[in-house]
Amino acid sequence: MKIMAIDYGDARTGLAICDKTEFLVKPLPQIEEKSMMKVVDKIAQAAETYSAEMLVLGLPRNMDGTEGARAQKSRKLAAILEQKVKIPIKMWDERSTTVTAAGILTENGIFGKKRKGMLDSVSATVILDSFLAWRKNHPEE
């Protein structure tokens with residue numbers, strides 16, 4: 001199943017997609033947009049362009065597992081997206097994904113403007129990798 005992950009942010013939203021085998025994951029161009037409604041439109045467009053069959057939206061929980069304002073924004077985005085796309089949407093814990101993504105970029109010598117232009121999509125890749133690993137061990141869900 002082709003699954004697209006979303007790392008929603010106030011100014012940039014990262015996207016990543018896997019192939020039908022759920023083995024290969026690649027980052028997609030990030031969305032540079034502040035308006036939630038425009039982000040929804042661009043996510044819906046990307047989902048259609050890449051033939052996504054499911055969306056996995058990062059849920060930014062606090063380290064103690066509670067949800068703050070950022071998580072509520074992500075839940076609001078999911079609710080609006082559900083009206084726009086007719087594919088399943090799963091919320092996925094994204095704690096520490098940005099730190100992991102930053103580490104990946106550092107290891108690959110990517111800094112400055114180039115890093116800023118990739119960080120959110122690499123974070124979406126980390127979210128999708130995590131979700132796919134879980135899904136592999138929970139095929140019934």
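The values are calculated or read from the model by the stated rules, or taken from the named source; none is laboratory data. Note that the structure is a prediction, hence the values are computed from the model and not measured. In this analysis, Cβ positions are derived from the backbone assuming ideal geometry, glycine residues included, and neighbour counts consider all displayed protein chains. Please note that ligands, DNA and RNA were not included when accessible areas were found on the heavy atoms of the full protein model with its side chains. Shrake-Rupley method; radii C 1.70, N 1.55, O 1.52, S 1.80 Å.
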| query | Which condition breaks for Thr125 when tested against (1) in a helix (DSSP H, G or I); (2) farther than 16 Å from Ile3 by Cα? | reply | (2)
| query | Among the residues of the range 13-34, which ones are touching a Leu at 6+ places or on another chain (Cβ under 8 Å), open to solvent by 40 Å² or more (accessible area, probe 1.4 Å) and either of a type in the set (S, T, N, Q) or part of a strand (DSSP E or B) (or both)? | reply | Pro27, Pro29
| field | Meets criteria (among the aliphatic types (A, V, I, L, M), at pLDDT 95 or above and surrounded by fewer than 13 Cβ atoms within 10 Å (Cβ to Cβ)) for Met37 | value | yes
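Which members of the range 1-12 meet the condition of being under 15 Å from the mean Cα position of the chain (by Cα) and either without any contact (Cβ under 8 Å) to a residue 12 or more places away in the chain or surrounded by fewer than 19 Cβ atoms within 10 Å (Cβ to Cβ) (or both)? Break it down stepwise before answering.
The first filter runs over the range 1-12 and keeps only residues under 15 Å from the mean Cα position of the chain (by Cα), leaving 2-12.
Within the range 1-12, Lys2, Asp10, Ala11 qualify.
Looking only at the range 85-121, which residues are of a type in the set (Ser, Thr, Tyr), out of contact with any Leu (no Cβ under 8 Å at 6 or more places or on another chain) and closer than 24 Å to Asp64 by Cβ?
Narrowing the range 85-121 to residues of a type in the set (Ser, Thr, Tyr): 96-98, 100, 106, 121.
Imposing the further condition that a residue be out of contact with any Leu (no Cβ under 8 Å at 6 or more places or on another chain) reduces the set to 96-97, 100, 106.
If the condition is that a residue be of a type in the set (Ser, Thr, Tyr), out of contact with any Leu (no Cβ under 8 Å at 6 or more places or on another chain) and closer than 24 Å to Asp64 by Cβ, then Ser96, Thr97, Thr100 are the ones that fit.
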